[in-house]
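The numbers here are math on the coordinates, done by the rules we state, and not lab data. Please read all numbers here as calculations on a predicted model, not as lab measurements. Positions of Cβ are backbone-derived with ideal geometry, glycine not excepted, and every protein chain shown enters the neighbour counts.
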Amino acid sequence: MPMADAVVTDTRTPTEPGWFRRNKLAIAPWIFLIPALIFFAIYVVIPIFESLWLSLYEWNGLYDAEGNSTATWVGFQNYVKLWDDPNFWTSLRNNIAWLVLYMLAVPLGLFIALFLNQTVTGMRFYKSMFFFPFVISQVVVGLIFGWFYNPDFGVVGTVWKAIFCEETTNILGNVTFNCSRPAPDILSSPEWATYGIIAAGLWPQIAYCMILYLTGLNNVAADQIEAARLDGAKGWKMLWYVVVPQLKPATFIAVVVTVIGALRSFDMIAIMTQGGPFGSTNVLSHYMYEVAISEYGERYGYGSSVATVLFGIMLFFISYFLWRMYQDEKGGR
């Protein structure tokens with residue numbers, strides 16, 4: 001008689017998964033974000049609040065023999081001084097000029113990207129040449145344009161001599177130039193120095209916007225282009241009604257980075273003019289550096305008040321951009 005198969009019944013009750021297993025999908029992103037958030041809090045958030053607090057004090061950065069700070073509470077007195085400080089208003093006007101003129105980088109970057117998006121011989125070489133300003137340091141850009149603007153041996157001076165000067169050679173063979181008017185020294189002119197620095201800063205910024213638009217043009221829907229051609233669209237109509245709407249994400253990023261770059265303009269000014277002549281090229285970031293650090297740390301509180309004003313301006317634009325991103329994502333759902 002065959003032996004009956006034994007039937008084994010599991011009488012154990014299934015255990016409920018723990019809290020970590022139930023929420024592992026929600027926890028996983030935070031495991032990667034927490035280290036970055038810690039560094040962001042230490043090096044960005046905490047210094048911002050310390051700067052806000054320091055702007056309410058008058059402090060030379062020193063401590064007494066017992067290790068106590070020598071800072072003196074002055075409340076909003078530093079901000080009252082800003083209101084009557086002509087150097088502050090000059091810096092603020094220059095920041096506005098940077099912000100307005102820097103926006104030229106967006107359309108210029110778009111048109112260069114449209115040109116480089118063509119299929120012609122040697123286009124890779126042209127792309128590398130237009131891409132070159134983006135990969136070099138801002139310090140190098142400042143030095144290059146400082147030489148470019150030099151009235152003696154720079155490109156500006158050479159072109160000026162070729163147009164407005166007569167070349168003469170004496171009996172010893174030495175060449176001299178007789179000019180009807182001297183070559184302009186752009187960086188020494190209070191009226192033109194700021195615009196000369198902005199032009200220098202636009203060079204790499206245009207290259208950056210160009211890269212963003214080149215990436216966006218690779219994602220333009222070819223079927224929409226063909227449909228528009230069948231409907232008779234071409235030239236500016238094709239660009240404005242078909243191509244540009246599809247480049248909206250690239251345009252948004254280009255505007256954001258351009259605005260932030262204009263507001264934090266520091267290195268170009270530090271290299272080319274150091275805020276001169278007579279403080280005419282200062283912006284808020286460089287003026288903050290001057291009053292808080294260059295003046296031997298005697299006005300840390302006042303420099304922090306300048307930094308607070310600059311932070312408030314940047315916070316306004318960044319909040320607006322974040323709100324626009326939220327609205328776009330909300331509308332796309």
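For a footprinting-style exposure proxy, rank I198, I42, I318 by other Cβ within 10 Å, fewest first.
Working: I198 21, I42 10, I318 15.
Going from least to most buried by this count: I42, I318, I198.
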A correct Karplus calculation of ³J(HN,Hα) over the stretch 195-210, with 6.51 cos²θ - 1.76 cosθ + 1.60, θ = phi - 60°, whole Hz and x for Gly and Pro, returns 5, x, 5, 4, 4, 5, x, 5, 4, x, 5, 4, 4, 5, 5, 4
Expected max-MSF residue from A105, A26, A228 in the GNM of the chain (alpha carbon, under 10 Å) is A26
Amide H contacts under 5 Å for Y57, restricted to residues at least 5 apart in sequence or on another chain and with H modeled in the peptide plane, are V74
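Using helices alone, what [θ] at 222 nm do you get for the chain, with -39,500 (n - 2.57) per DSSP H run of 4 or more residues, divided over all residues and rounded to the nearest 500? Present the calculation step by step, with values, prior to reporting the outcome.
Working: 15 runs with 195 residues, N = 333.
Counting only the DSSP helices, I get -18500 deg cm²/dmol.
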Quarter of the surface of the C-alpha convex hull for the stretch 80-150, i.e. direction-averaged projected area in nm², equals 7.3 nm²
HN-Hα couplings for the stretch 235-242 via Karplus (6.51, -1.76, 1.60; θ = phi - 60°), in whole Hz with x for Gly/Pro, come out as x, 5, 5, 4, 5, 6, 9, 10
Karplus ³J(HN,Hα) for the stretch 251-257 (6.51 cos²θ - 1.76 cosθ + 1.60, θ = phi - 60°; Hz, whole; x = Gly/Pro) runs 5, 4, 5, 4, 5, 4, 5
Between the alpha carbon centres of the stretch 96-159 and the stretch 267-333 the gap in Å comes to 24 Å
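Take the alpha-carbon positions of the chain, form their convex hull, and give its projected area averaged over all directions (one quarter of the hull surface) in nm².
Values: hull surface 162.3 nm².
Quarter of the Cα hull surface area: 40.6 nm².
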Cα-based Debye curve of the stretch 216-283 sampled at q = 0.13, 0.23, 0.27 Å⁻¹ gives log₁₀ I(q)/I(0) of -0.57, -0.94, -1.10
Note to self: C-alpha centroids of the stretch 26-40 and the stretch 43-89 sit apart, in Å, by 33 Å
Rounded to the nearest 10 degrees, the helix 155-164 long axis (Cα) sits at an angle to the longest Cα principal axis of the chain of 40 degrees
